[in-house]
Amino acid sequence: MANGEYGLIVRAKGVVSDLNGVWHEFNLTPEEVEVVACSARPIGKICVIGSKIDEHQIKDLF
């Protein structure tokens, strides 16, 4: 993401399920990436903080 393809992202966090139905909580900053398995949720959520964020590109990731 450093090339600005998704915008200037300073933080992202959320809860999403993978293709196998396993849920993961993630917390990303420029210095740290943390992803841990978590309990199932009724719906996934993500929050991305930054500027000039390309929402369509971000949605395509998930």
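If you count only protein heavy atoms with a 1.4 Å probe, what accessible area per residue comes out for the chain, rounded to a whole Å²?
Normalised by residue count, the accessible surface of the chain is 78 Å².
Would you tally the net charge around residue 25, using a Cβ to Cβ cut-off of less than 15 Å, leaving residue 25 out, and scoring K and R as +1, D and E as -1?
Working: positive: 11, 13, 41, 45; negative: 18, 32, 34.
Cβ neighbours under 15 Å give a net charge of +1.
Between residue 19 and residue 5, 0.36 nm times their residue separation minus their Cα-Cα distance comes to what?
Gain in length upon complete extension: 2.6 nm.
How many percent of the accessible area of the chain is carbon or sulfur, using a 1.4 Å probe?
55 percent
Around residue 8, what is the net charge, scoring Lys/Arg as +1 and Asp/Glu as -1 over all other residues with Cβ under 13 Å from its Cβ? Please report the intermediate quantities before stating the final value.
Values: positive: 11, 52; negative: 5, 54.
Combined, the nearby Lys, Arg, Asp and Glu give 0.
Run the simple label-point estimate for residue 54 and residue 35 please: 7 Å along Cα→C-beta, distance reported in nm.
2.0 nm
The values are calculated or read from the model by the stated rules, or taken from the named source; none is laboratory data. Just so we're clear, the structure is a prediction, and the values are computed from it rather than from any experiment. Here Cβ is always computed from backbone atoms with ideal geometry, including for glycine, and neighbour counts include all displayed protein chains. Protein only, heavy atoms only, side chains kept; ligands, DNA and RNA dropped before computing areas. Shrake-Rupley method; radii C 1.70, N 1.55, O 1.52, S 1.80 Å.
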